[in-house]
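The values are calculated or read from the model by the stated rules, or taken from the named source; none is laboratory data. Remember, predicted model here, so these are calculated numbers, not experimental data. A quick note on method: Cβ atoms are made from the backbone with ideal geometry, for glycine too, and the neighbour counts reach across all protein chains shown. Note: areas computed on protein heavy atoms with side chains; ligands, DNA, RNA excluded. Shrake-Rupley method; radii C 1.70, N 1.55, O 1.52, S 1.80 Å.
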Amino acid sequence: MNLHDLTQLYDFTGKTVVITGGAGVLGGEMACALVGCNANVAILDRDPKLAERFIHRIPTSVGRASVIYTDVLNIDTLKQTADTVLNEFGKVDCLINAAGGNKPQATTSNENSFFDLPKDALQFVFDLNIVGTILPSQVFGKLMAQQKEGVILNISSMNSFRPLTRIPAYSAAKAGVSNFTQWLAVHMAQEYSPRIRVNAIAPGFFLTDQNRFLLTQTESGELTERGKSIIAHTPMARFGTPEDLLGAVLWLLSPASAFVSGVVVPIDGGFSAYSGV
Ligand SMILES: NC(=O)c1ccc[n+]([C@@H]2O[C@H](COP(=O)([O-])OP(=O)(O)OC[C@H]3O[C@@H](n4cnc5c(N)ncnc54)[C@H](OP(=O)(O)O)[C@@H]3O)[C@@H](O)[C@H]2O)c1
């Protein structure tokens, strides 16, 4: 294989990639990169206006981006969205399940003990991360089963390997996302086609709206004790940036990873490898 053949693997011309939570910080970065690699990208989010913060960065190239309202917890909306994507782009080659997150009410603190975490907050986090990954995989995975080809990429987390303190529902839900990734990889290959692959990435710590309240002081912006501890346990000694995810995302979506399925790739600056000693 020469450099030309190798780079061709990352040419997504004619491919359609659907990204749930695609207007978010990490999903939006992936959308920009994929259009840059000539993909057609359907950006699905419950607040399509969020896409305004990065849509101007989407390169003018062969690929196109389309922003579509979707609620990943509503199967009827997802089916309507799938029809819209098919009308616009003709097929779906890849799905990235990037909608997910935690919420403060499901996080323990001095004011909010584990024993008092409200059921609706716990349920919200489980539903968003687990059910919100499974339902889009049903709707878009069915299209892949019909065409006997496709790639699904889930977004797990560091806390799927070992739980992090304070966020019990999010940790358990992301462990579920990693488990579901393996389950679906086997199921799709055995029941529908060995050319359908399912993988996940497990990002380390990226400073975004959903975790800013845990990692930095609201007033000063300085690191919290938790933020400092994370940096101390990250051999690369920094938080990740959304761009840090792109190499693994493009690899897992492309034919460069044609024999890779059912894996969860940590992208964490070495956090998961470090014992702390
Ligand atoms: N940031 C990190 O350090 C980190 C680390 C590991 C894993 N992750 C995971 O990476 C993924 C992306 O995270 P992010 O940091 O990019 O978060 P983000 O900026 O909050 O992006 C998530 C997007 O999903 C949308 N969303 C929420 N509920 C939805 C629903 N029911 N239907 C459709 N869209 C919905 C959100 O919209 P709203 O803003 O309206 O809620 C948001 O635009 C998540 O699964 C997260 O758990 C993040």
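Each residue in the stretch 179-210 was checked for being part of a loop (DSSP other than H, G, I, E, B) and either open to solvent by 10 Å² or more (accessible area, probe 1.4 Å) or within 10 Å of the ligand (Cβ to nearest atom) (or both), and 9 pass. Counting residues in the stretch 67-77 that are open to solvent by 10 Å² or more (accessible area, probe 1.4 Å), farther than 26 Å from Q138 by Cβ and within 11 Å of the ligand (Cβ to nearest atom) gives zero.
Condition first: closer than 20 Å to G14 by Cβ, within 12 Å of the ligand (Cβ to nearest atom), touching a residue at least 40 places away in the same chain (Cβ under 8 Å) and hydrophobic (A, V, I, L, M, F, W, C). Can you find one or more residues in the stretch 158-178 that meet it? There is no residue in the stretch 158-178 that is closer than 20 Å to G14 by Cβ, within 12 Å of the ligand (Cβ to nearest atom), touching a residue at least 40 places away in the same chain (Cβ under 8 Å) and hydrophobic (A, V, I, L, M, F, W, C). Sub-6 Å Cβ pairs linking a first residue in the stretch 66-82 that is part of a helix (DSSP H, G or I) to a second residue that is among the β-branched types (V, I, T) and within 11 Å of the ligand (Cβ to nearest atom), at least 6 apart or interchain, are T77/T70; T81/I68; T81/T70, ordered by first then second residue.
Criterion first (within 10 Å of the ligand (Cβ to nearest atom), open to solvent by less than 10 Å² (accessible area, probe 1.4 Å), hydroxyl-bearing (S, T, Y) and modelled with pLDDT of 95 or more) does T20 satisfy it? Yes; evaluated as a whole, the condition is true for this residue. Here A232 does not fit the description of being crowded, with 16+ Cβ neighbours inside 10 Å, at pLDDT 95 or above and not β-branched (V, I, T). Kindly check whether there is at least one residue in the stretch 104-125 that is within 16 Å of the ligand (Cβ to nearest atom) and modelled with pLDDT under 95. Yes, some residue in the stretch 104-125 is within 16 Å of the ligand (Cβ to nearest atom) and modelled with pLDDT under 95. Elements of the type helices (runs of 4 or more DSSP H) sitting completely within the stretch 211-266 and holding at least 1 residues that are in contact with a Gly (Cβ under 7 Å, 6 or more places away or on another chain): these cover 212-215.
All of T133, T81, T108 fail the test of being surrounded by 16 or more Cβ atoms within 10 Å (Cβ to Cβ), over 15 Å from G176 (Cα atoms) and β-branched (V, I, T), apart from T81.
Pull up the stretch 140-157, narrow it to residues that are of a type outside the set (K, R) and surrounded by fewer than 21 Cβ atoms within 10 Å (Cβ to Cβ), then point me to the one that is nearest to D45 (Cα to Cα). Per the criteria, the residue is L143.
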